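The values are calculated or read from the model by the stated rules, or taken from the named source; none is laboratory data. What you are looking at is a predicted structure, and each value in this text was computed from that prediction instead of being measured. Cβ atoms come from the backbone with ideal geometry, glycine included; neighbour counts cover every protein chain shown.
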Amino acid sequence: MEALSALAAGLEASPLGAWVRGSAIGYPLANLLHLLGLILLLGGIGLMDLRLAGLFRRLPVAALSQVLIPAAMLGLALLVASGTMMFAADAQPLLRSTVFRWKLLAIGLALLNVAAFHALWGRRFEDWDRRAGILARFMAAGSLLLWLSAATLGCLIAYA
């Protein structure tokens, strides 16, 4: 924990941390980018997860994945970049926040779920429209719940 605390202090003291904290546009820009990233991630992965879990069966999984997965990946990239900016502005207090740590746990579990899903099924969505296993559907539903939990916890950080 000491190493993480030292890293947080260094990031907070960095030019990025000072700019985001002291600039009139730094934090609002990071916040807007974070919101855009969240919309792209939850819009893309959320719809994909709902389809993989069994909803919207008339929509072909392979075609949806070609559009929604890149949108979700772009959203995740924006979330990481803007989240780093916001963390740099107030790193040490955030690191002490239980809600922030729960958010990081939810993100970590969601990313592990994505990795496990792709390790088990890869991008083999050709047969998905005809049959999908219960574990795969459970993982898709779990993915949606984990990402929504991370988003909710992120909103709650300001109130904790």
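In summary, Ala63 fulfils each of the numbered conditions (1) under 19 Å from the mean Cα position of the chain (by Cα); (2) more than 19 Å from Ile107 (Cβ to Cβ) with the single exception of condition (1). The helices (runs of 4 or more DSSP H) located wholly in the stretch 32-127 that include 1 or more residues which are surrounded by 13 or more Cβ atoms within 10 Å (Cβ to Cβ) and free of Cβ contacts under 8 Å to residues at least 24 places away in the same chain occupy 61-89, 98-121.
Just one of the listed residues (Phe100, Phe56) is of a type in the set (Phe, Trp, Tyr), out of contact with any Lys or Arg (no Cβ under 8 Å at 6 or more places or on another chain) and farther than 23 Å from Leu33 by Cα, namely Phe56.
At pLDDT below 90, among the charged types (D, E, K, R) and more than 30 Å from Ala132 (Cβ to Cβ): does that describe Glu12? No. Within the stretch 90-118, the set of residues being modelled with pLDDT under 95 and of a type in the set (A, V, I, L, M, F, W, C) comprises Ala91, Leu94, Leu95, Val114, Ala115, Ala116, Phe117.
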